[in-house]
């Protein structure tokens, strides 16, 4: 079974631009969660989608948004990029929400110049 | 204020040593996870705990719900165990708070 895939793996943008990251979960998994990892703040929860609905949201500004499609693939979007958005963005999938093991993708490393 | 505290932040051990990483949390949780992150970013889930103790190979994880504390032990450590170990507590759904991680280096 293929693991969680994320595209692109690396991305360079400039301040003010917007970016869309993609995550394809393991086949059969219906929950996708997104996380941001920075050297200063560590790992932080962004949001979780389950069956195309946002279930939980972390403490991030509205510039960070996401969605999930009927095939469980998920995208996250960051608008009006700031230097501080430079980070490793990880997604993780699980069968359901709340009680299952999560499987992480390799991450997308975003650099904002 | 951090909801999840890990110690130590950095740890260097000789191959074969017994290693313990501690995690304390201050919020109500439904489960606690131990994660391993290798250089390059890939994260692997090692354990998911809601009570008691779990063992997988040379790794043992314990949790004390009353004391809000968990430990990850590595027996007979090996250089391939070198990684960052992260404690994560599940609040609701798949919403987590994370510790800052323990960077482990095992020297041959």
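The values are calculated or read from the model by the stated rules, or taken from the named source; none is laboratory data. No experiment lies behind these values; they were computed from the predicted model shown. Cβ sites come from the backbone with ideal geometry, for glycine too, and all protein chains shown count toward neighbours.
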Which of the residues that make up the range B:73-94 are over 14 Å from the mean Cα position of the chain (by Cα), part of a helix (DSSP H, G or I) and either in contact (Cβ under 8 Å) with a residue 40 or more places away in the chain or farther than 15 Å from residue B:14 by Cα (or both)?
B:79
Among the residues listed as A:62, A:28, the single one being in a loop (DSSP other than H, G, I, E, B), in contact (Cβ under 8 Å) with a residue 40 or more places away in the chain and more than 14 Å from chain B (Cβ to nearest Cβ):
A:28
Residue B:55 is checked against (1) away from chain A (no Cβ under 12 Å); (2) touching a residue at least 24 places away in the same chain (Cβ under 8 Å); (3) under 29 Å from residue A:96 (Cα atoms) and fails just one. What number does that condition carry?
(2)
Just checking, how many residues over the range B:28-50 are exposed (fewer than 14 other Cβ atoms within 10 Å of the Cβ) and within 13 Å of chain A (Cβ to nearest Cβ)?
6
Looking only at the range A:75-99, how many residues end up being within 12 Å of another protein chain (Cβ to nearest Cβ) and within 14 Å of the chain's Cα centre (by Cα)?
8
Which numbered condition residue A:43 fails, given (1) part of a strand (DSSP E or B); (2) modelled with pLDDT under 95; (3) over 22 Å from residue B:44 (Cβ atoms):
(3)
